[in-house]
Amino acid sequence: MFPPPKRLCDGLPSIGRQGPSKQTGVKAMKGLLSFLEKAGLVKTDLPAVQPPPADEGAPVAGLEPASPAPASAPAPATPIAQDDGMPLKLDDIYASEGVMASAYPAERLLRLVDGLSAMDEATRQMAIRAMDAADESWTISDPLADAAAKVKALAAHAERLRLNLRQLAQETEGQLNAARLRQEQVVGNIRKQIAELEALASRELARAAQETAAHEASLKAVTEQTARELEQVTQASQRLQSLALQFGTPATTTTGE
């Protein structure tokens, strides 16, 4: 944040009201010019004692114009803070747009108007016009022309910013569309591969189930066949053993040497 401009009207004699006589108005104007001289805005060379002019509309005698400000060193424009905290370089904008330096730049008049903000509008205008009349190095048309040129430069800069933003928006939209298309293609390929893998997995599961069923059926068949054969063997063995129970055990034949 920039500090508020110093109010030039602090301590300034009040000239906003019409005095009861011409002499009072002239004294008020002298006080104004004396204050403006102390502020460095005008330069006067008044005698120690000067009688008031007979005509109220007559110019105040003894005024010398202040030294003109060099055109090569205009008052710097007040920087404007941007959202990112970096001040906007108005001087660079004006220079890029070809705004010529002014002997009395508009910013100087703005600071003067701000400094005289305690005055009513009519008094403020009268004070500034008194400065204009007392200082031959500039006229009110100088800051007005400077302000108009700078307004035009700012408008051109703003239009360039909007154009750059539109171009960036178009480029970004194209990049977003390309990213979406690439995403759709990649994700589509991945999903296709997933579907193929799922089909392969399904086929493998079916084949494995068939093999498992075949092995289990074969084992069951062999088990049943073996059980039947064992049953038959058992029955045959029991019948043969019944003979021994009926007729006794046969004698064992010994072979001599």
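The values are calculated or read from the model by the stated rules, or taken from the named source; none is laboratory data. Here the structure is a predicted model, which means the values were calculated and not measured. So basically every Cβ, Gly included, is an ideal-geometry build from the backbone, and we count neighbours across all protein chains shown.
Of all residues in the range 224-235, none satisfies being within 30 Å of residue 93 (Cα to Cα), assigned to a helix (DSSP H, G or I) and not β-branched (Val, Ile, Thr).
Would you say residue 214 is under 60 Å from the mean Cα position of the chain (by Cα), in a helix (DSSP H, G or I) and not charged (D, E, K, R)? So residue 214 fails the test. Selection of the range 78-98 for residues being at pLDDT below 70 and either under 14 Å from residue 155 (Cα atoms) or in contact with an Asp or Glu (Cβ under 8 Å, 6 or more places away or on another chain) (or both) yields only 78.
Pull up the range 150-168, narrow it to residues that are aliphatic (A, V, I, L, M) and out of contact with any helix residue (DSSP H, G or I) (no Cβ under 8 Å at 6 or more places or on another chain), then point me to the one that is surrounded by the most Cβ atoms within 10 Å (Cβ to Cβ). Walk me through it before giving the result.
Just the residues of the range 150-168 that are aliphatic (A, V, I, L, M), to begin with: 151, 153-156, 158, 161, 163, 165, 168.
Okay, now just the ones that are also out of contact with any helix residue (DSSP H, G or I) (no Cβ under 8 Å at 6 or more places or on another chain), so 151, 155-156, 158, 161, 163, 165, 168.
On the way: 151: 11, 155: 11, 156: 14, 158: 11, 161: 10, 163: 10, 165: 10, 168: 10.
That would be 156.
State whether the residues of the range 139-146 include one that is touching a Gly at 6+ places or on another chain (Cβ under 7 Å), among the polar types (S, T, N, Q) and surrounded by 13 or more Cβ atoms within 10 Å (Cβ to Cβ). The answer is no; no qualifying residue exists.
Determine whether the range 188-208 contains at least one residue that is farther than 30 Å from residue 107 by Cβ and over 60 Å from the mean Cα position of the chain (by Cα). Give the derivation first.
First, the residues of the range 188-208 that are farther than 30 Å from residue 107 by Cβ: 188-208.
Then drop every residue that is not over 60 Å from the mean Cα position of the chain (by Cα), which leaves 207-208.
Within the range 188-208 (the criterion being farther than 30 Å from residue 107 by Cβ and over 60 Å from the mean Cα position of the chain (by Cα)), the answer is yes, since at least one residue qualifies.
Exactly one of (1) surrounded by 11 or more Cβ atoms within 10 Å (Cβ to Cβ); (2) in a helix (DSSP H, G or I) is unmet by residue 171. Its number? All conditions pass for residue 171, except number (1).
For the range 152-159, check the following and say yes or no: at least one residue is in a helix (DSSP H, G or I), over 30 Å from residue 89 (Cβ atoms) and hydrophobic (A, V, I, L, M, F, W, C). First the steps, then the outcome.
Restricting attention to the range 152-159, the residues satisfying the condition of being in a helix (DSSP H, G or I) are 152-159.
Going one step further and asking which of them are over 30 Å from residue 89 (Cβ atoms), we end up with none.
So far as the range 152-159 goes, no, none of its residues is in a helix (DSSP H, G or I), over 30 Å from residue 89 (Cβ atoms) and hydrophobic (A, V, I, L, M, F, W, C).
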